[in-house]
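Below is one structure, written out as structure tokens; comments come after it.
The values are calculated or read from the model by the stated rules, or taken from the named source; none is laboratory data. Just so you know, these numbers come straight off a predicted model, no measurement behind them. Backbone-built Cβ (ideal geometry, glycine too); neighbour counts: all protein chains shown. Just so you know, the surface numbers come from the protein's heavy atoms only, side chains and all, with ligands and any DNA or RNA stripped out. Shrake-Rupley method; radii C 1.70, N 1.55, O 1.52, S 1.80 Å.
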Amino acid sequence: MKPPTLRRTSFLRRSTLAAALGWSLLTGCSHGSSMERVLGPRDQARVYMEQNQPARALPLLDELHAKTPDDLDVARALTEAQVKAGRTDAWITELQRRNTQAERAVNHYMLGLAYFSRASDAGAPAVAAFERAIAMTPSEAEFHYRLGIALLESEQYAPALVSLRRAAELAPERAAIRLPLAKALHRTGDSAGAVAALSAVVRAGPTPSEVNIARTLMNQIADPFAGFPKAAEGKLEEGMRFLQELDIPQQAILAFEEILHDYPDLAVVHALLGLAYQRLDDAGRAVDEFKQAIELAPRDGKNYFYLGELYLSRQRAEAAREAFSKAVAFHPLLDEAWFRLGDLSLDRRDLASARESFRILTWLQPAALPPRGKLALVYQLEGDFPAAERELRHVVEKDPENMEFTLRLGLLFAERTQRARKPEERRAASEEAEKWLLKVLEEQPDNALASRALQQVKAQE
């Protein structure tokens, strides 16, 4: 594991946060094109928006909104289409007219969204519109959520925190609310609360865009170089170059020790010094440095991760598991720590914990194969064959030439053939097993495992 690089991060710009936390107004995704199936007006509007044809989506969304005026998904989609069609000013005027005739919370909500799309009105005008929507319908989580984002982007962190907390209370199942909530908590000095909010996000099946935002926020919350003395940056860069690029840990140690002579309480330097000693296989000194880093920065999950890696290399599995557990508690986006925890849980036959670790990892790394393979194994050990099949098929459908997962799929159905109680279930599983095992043998005629499994399946027929 390479030590972290020296870098400076800044908080999300308004445009980034708006895009990732709420200005994706049409939720969900379409599967298959309109040529493959007949789309309803909502799905057709979504397709038009994805094709950047808002003018074609507008009539459909107008009709939907007229039929279901309180549907906030439709209201957001309609406002997005108006904005992307270049009709923001006209739409604001229309919403103001509607409110003079018959004031409605949803009109103020759409007005707030329209204002928020314009940099000049994203502050007070958007805030006022969302506040009026809340006054009319105080129990709607979406209104509090949008108000919180508007306040957050106006750098009004304390009132934003109030709104976002209320939104989370009203809709605890909405993981996306936790992202701006984490930022508001951090900005108001509650870093522990911010980490807890991000921990809830990673456990709730976040989308890839939500994961990216969570990573950015977490890096800002747990930046080990925050406040690093300018006078020591040159020596730090020198030490890290010796450690990371040149692989000369002895020289890195000299550089880090020189920094600590002047600044003995820099936790990140103690951690780097521990990594250098670990590179020299001096486990005792490495442990001392990692523990010193933890003492100085007890809420930095990476320090616990480094300690866990060292314990694991020394076959101290239980100590490693405890360290990795603390690592993800303080830094829930440490992918490798989740993987280690999953493996250690498998070794203990703690399948529930292993399932949680690998499932979280499939959300953090949706394109990675090892987490899905591990998760499929856990499901198979639990006897949940449909879930194991789902994970394996996910890989095989995206990568048909992946013989490892093709073989595993064949072996899974071979096991289902043996366990099937009804003849029709056994026959169906046998057919699937033969299909996948034969595909492996076509590519790898000498694959003994596939050949043996195929013979066992045929013996069941």
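If each of D350 and A192 carries a label point 7 Å out from its Cα toward its Cβ, how far apart are those two points in nm?
2.3 nm
For the chain, which whole-number percentage of the solvent-accessible area (1.4 Å probe, protein heavy atoms only) is attributable to carbon and sulfur atoms?
That fraction is 49 percent.
Extension gain V47-E258, at 0.36 nm per residue separation less the Cα-Cα distance, in nm? Could you put the intermediate results ahead of the total?
Values: separation 211, 0.36 × 211 = 75.96 nm, distance 6.03 nm.
Between V47 and E258, full extension yields an extra 69.9 nm.
Pop out the ³J(HN,Hα) list for the stretch 318-324 in order, Karplus 6.51 cos²θ - 1.76 cosθ + 1.60 with θ = phi - 60°, rounded to Hz; leave Gly and Pro as x.
Each residue of the stretch 318-324 in turn: 5, 5, 5, 4, 4, 5, 5 Hz.
Return the FRET efficiency for the residue pair E336, V38: r is the Cβ-Cβ distance, R0 is 41 Å, and the value is rounded to the nearest 0.05.
E(calc), rounded to 0.05, equals 0.35.
Among residues other than A293 whose Cβ falls under 15 Å from its Cβ, what is the net charge (Lys/Arg +1, Asp/Glu -1)? Numbers along the way, then the final one.
Values: positive: R285, K291, R299, K302, K326; negative: D223, E257, D265, D288, E289, E295, D300, E309.
Once positives and negatives cancel, what remains is -3.
Can you spot the aspartates and glutamates whose alpha carbon is less than 19 Å from K422's alpha carbon? Ignore those fewer than 8 places along the same chain.
D384, E431, E432, E434, E461
Rounding to the nearest 20 debye, state how big the charge dipole of the stretch 356-461 is about its Cα centre with +1 on each Lys and Arg Cβ and -1 on each Asp and Glu Cβ.
300 debye
Output the relative contact order of the stretch 74-189, whole-number percent, from Cα pairs under 8 angstrom with separation of 6+ residues.
Relative contact order here is 17 percent.
Could you point to the label whose value was computed as Cα Rg over 2.2 N^0.38 Å for the structure here, given (i) 0.94; (ii) 1.20; (iii) 2.30?
(ii)
Please list 286-293, 175-182, 346-353 highest first by mean number of surrounding beta-carbon atoms within 10 Å per residue.
The packing order, highest mean first, is 175-182, 286-293, 346-353.
Sum up the charges of everything whose Cβ sits under 10 Å from the Cβ of H331, counting Lys and Arg as +1 and Asp and Glu as -1, but leave H331 out.
Here the charged neighbours net out to +2.
Going through the cross-link list K398/K435; K235/K326; K374/K458; K435/K458, which pairs have a Cα-Cα distance over 23 Å in this structure? Walk me through the intermediate numbers first.
Numbers: K398/K435 18 Å; K235/K326 30 Å; K374/K458 28 Å; K435/K458 12 Å.
Check vs 23 Å cut-off fails for K235/K326; K374/K458.
Nothing charged except the Cβ atoms of Lys and Arg (+1) and of Asp and Glu (-1): what's the magnitude of the dipole of the stretch 159-266 about its Cα centre? Round to the nearest 20 debye.
With Lys and Arg at +1 and Asp and Glu at -1, about 860 debye.
Once you wrap a convex hull around the alpha carbon atoms of the stretch 173-258, what is its projected area averaged over all directions, in nm²?
On the way: hull surface 30.2 nm².
Result: 7.5 nm².
If I take R0 = 60 Å and measure r between the Cβ atoms of D73 and A448 in this structure, what FRET efficiency does the formula 1/(1 + (r/R0)^6) give, to the nearest 0.05? Mind showing how you got there, number by number?
Working: r = 54 Å, r/R0 = 0.90.
It comes out at approximately 0.65.
If R₀ is 45 angstrom, what is the calculated FRET efficiency for the pair E94 and A329, using the beta carbon separation as r and rounding to 0.05?
0.35
In the chain, with Lys and Arg counted as +1 and Asp and Glu as -1 at Cβ, which of these residues, Y304, L351, Y109, has the Cα nearest the positive end of the dipole, that is, farthest along it?
The residue sitting farthest along the positive end of the dipole is Y109.
State the answer as a single residue: which of V195, L272, N219 lies farthest towards the positive end of the charge dipole of the stretch 162-275, with beta carbon charges of +1 for Lys and Arg and -1 for Asp and Glu, about the Cα centre.
Projecting each Cα onto the dipole axis, the largest value belongs to V195.
So for the chain, averaging the separation of alpha carbon pairs under 8 Å that are six or more residues apart and normalising by length, what relative contact order in percent results?
Over the chain, the number comes to 7 percent.
For the stretch 292-423, take the convex hull of the Cα atoms, compute a quarter of its surface area, and give me that in nm², please.
Spelled out: convex hull of the Cα atoms, projected over all directions, averaged, 9.0 nm².
Karplus couplings for the stretch 141-158 from phi (6.51 cos²θ - 1.76 cosθ + 1.60, θ = phi - 60°), rounded to Hz, Gly and Pro as x?
So the J values, rounded to whole Hz, are 4, 4, 5, 5, 4, 5, 5, x, 5, 4, 5, 4, 6, 8, 6, 9, 5, 5.
Could you tell me the convex hull volume per residue, in Å³, taken over the Cα atoms of the stretch 362-433?
77 Å³
Please calculate how many Å² of accessible area the chain carries per residue, with a 1.4 Å probe and no DNA, RNA or ligand atoms counted.
For the chain, the per-residue accessible area is 47 Å².
Rounded to the nearest angstrom and ordered from largest down, what semi-axes does the equivalent ellipsoid of the stretch 276-316 get from its C-alpha gyration tensor (root of 5λ)?
On the way: eigenvalues 57, 26, 11 Å².
One finds semi-axes of 17, 11, 7 Å for the stretch 276-316.
Please get the size of the charge dipole for the chain, origin at its Cα centre, with Cβ charges of +1 on Lys and Arg and -1 on Asp and Glu, quoted in debye to the nearest 20.
Values: 60 positive and 65 negative charges, 188 e Å.
That gives the chain a dipole magnitude of about 900 debye.
For the residue pair D384 and A66, what label-to-label distance in nm results when each label sits 7 Å from Cα along the Cα-to-beta-carbon direction?
Distance between the two pseudo-spin positions: 4.7 nm.
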